[in-house]
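Coordinate-derived values only; no laboratory data. What you see is a predicted model; the values in this text were computed from it and never measured. Quick reminder, even Gly has a Cβ in these numbers, built from the backbone with ideal geometry, and neighbours come from all protein chains shown.
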Amino acid sequence: MPLVIATGQAFLGRNLIIELTFGVILAKLVGQGLSLIPLIRILQLQTSTVHEEELQQARLEAAHAALAKVEEFAQANGVAISFLAHLRARYEQQIQRWSDQANDAEQESIAEQGITHQHICTEVIHA
């Protein structure tokens, strides 16, 4: 924003324009930020867990493949047994952790379905 116009005179209203621009930008950012959560609640938007489930399955398959490769190396000579034991324990731990997480997610899904089923039954009874 120039301080003076082409004729050399002061730019009248320059400070007002800057203040109004700043105020509009601030109001839009704050307004949108504060209204986002209530808008999501009103629209009843839910997050999708499909991506997380696919990622969980990929991690589990990768850990199984790595464990199979470790077992393959265990059959070969020249590989330190302590190192293989460390790798085997690490991948078995990952498989256990990711299997547990997958089971927990499945249990949550079953619980959510049960709540939905119960809600539908209640609505039918009241009808």
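Summary of computed values
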read-out	value
Net charge over other residues, Cβ less than 14 angstrom from the Cβ of F73 (K, R count +1; D, E count -1)	+1
Estimated distance in nm for a label pair at Q101 and Q56, the labels positioned 7 Å out from Cα along Cα-to-Cβ	0.9
Rounded FRET efficiency, nearest 0.05, which uses the C-beta distance separating L45 from L20 and R0 of 35 Å	0.55
